Amino acid sequence: MSTGVAAWLALCLYGAGLVAAFGLRSWAHRRRTGSSGFRGLSGPFGSLEWWGGVLFAAALVLGGLGPALALSGLVEVFAWTPGWLSWVGLIAVVAAMAGVLVAQGGMGASWRIGVDADERTDLVTTGPFAKIRNPIFSAMVTALLGMTLMVPGVVTVAALLALVVAVELQVRFVEEPYLVRVHGQAYLSYAQTAGRFVPGVGRLSGPEAQDRRR
């Protein structure tokens, strides 16, 4: 696949993914629940939680800029990467975007963008969440990894790194403390069996689970 074709495909897929995962999903959620599900940034300015939200937004912007700048010729892709990687990336992007939508659907009325500390939602532990606690984030990182393989350059790599750091901060310092506070032992027991981002990896041990309760 040529660089130009890969960049066009990546840009189109990325735009479609954003519309489906955020725009259409928020619209459908509002129709179902009366709320868009958007809760915004968490934590005070400059905190780890705040940085998680900022880096997440930066990753989304850079993810679109990568293929756009490659098409314009302003940023060159890495010339040393083999062409077949773009096909691997294309497959990863399509599969991961489908995974995002499936996982979002699996959350039902509990789906949110961000966390409201005063809000209580049901704990979802079935479907895509049975073995992975954060399948939406896992699929998003996989999609951006695929984008990086399709358009390997400094901007897409920066987007991928920003998203990985943002997801780690969001999960560890925002979502997990919130879920422990709201669901207590139910979440801790679930976290001992389901991995954080991939099955079997990042499960909480018994002593670690007890520490989280303090």
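Among the trypsin sites (Lys or Arg not before Pro) within the stretch 14-92, those in coil by DSSP and having at most 16 neighbouring Cβ atoms inside 10 Å are Arg39.
Identify the trypsin sites (Lys or Arg not before Pro) of the stretch 99-166 meeting these criteria: DSSP loop state and at most 16 other C-beta atoms within 10 Å of the C-beta. Filter output for the stretch 99-166: Arg120, Lys131. Across the stretch 27-35, computed HN-Hα scalar couplings (Karplus, 6.51 cos²θ - 1.76 cosθ + 1.60, θ = phi - 60°) run 5, 5, 5, 5, 4, 7, 10, x, 10 Hz from first to last residue, x flagging Gly and Pro. Each residue of the stretch 112-123 is assigned a 3J(HN,Hα), and the resulting list reads 9, 10, x, 10, 9, 4, 8, 9, 10, 10, 5, 7 Hz, derived from the Karplus form 6.51 cos²θ - 1.76 cosθ + 1.60 (θ = phi - 60°), x at Gly and Pro. Values (i) 23; (ii) 38; (iii) 12 are given for comparison; percent of Cα pairs over 31 Å apart, derived from the coordinates here, is the one labelled (i). Close amide-amide hydrogen proximity is noted between Lys131 and no other residue 5 or more places distant or on a separate chain, at a cut-off under 5 Å (H modeled in the peptide plane; Pro and chain starts excluded).
Computed from backbone phi, the HN-Hα couplings of the stretch 138-149 come to 4, 5, 5, 5, 5, 4, 6, 4, x, 4, 5, 5 Hz, rounded to whole numbers (Karplus: 6.51 cos²θ - 1.76 cosθ + 1.60, θ = phi - 60°; Gly and Pro given as x).
When each of the peptides 1-13, 155-167 is scored by how many other beta carbons lie within 10 Å of its residues on average, the order from highest to lowest is 155-167, 1-13.
Shown here for the stretch 107-201: GluC sites (Glu not before Pro) in loop regions (DSSP other than H, G, I, E, B) with at most 12 other Cβ atoms within 10 Å, namely Glu119.
Computed from the coordinates by the stated procedures, all read-outs in this text should not be read as laboratory data. Please read all numbers here as calculations on a predicted model, not as lab measurements. As a convention, Cβ positions derive from the backbone with ideal geometry for all residues, glycine included, and neighbour counts pool all protein chains shown.
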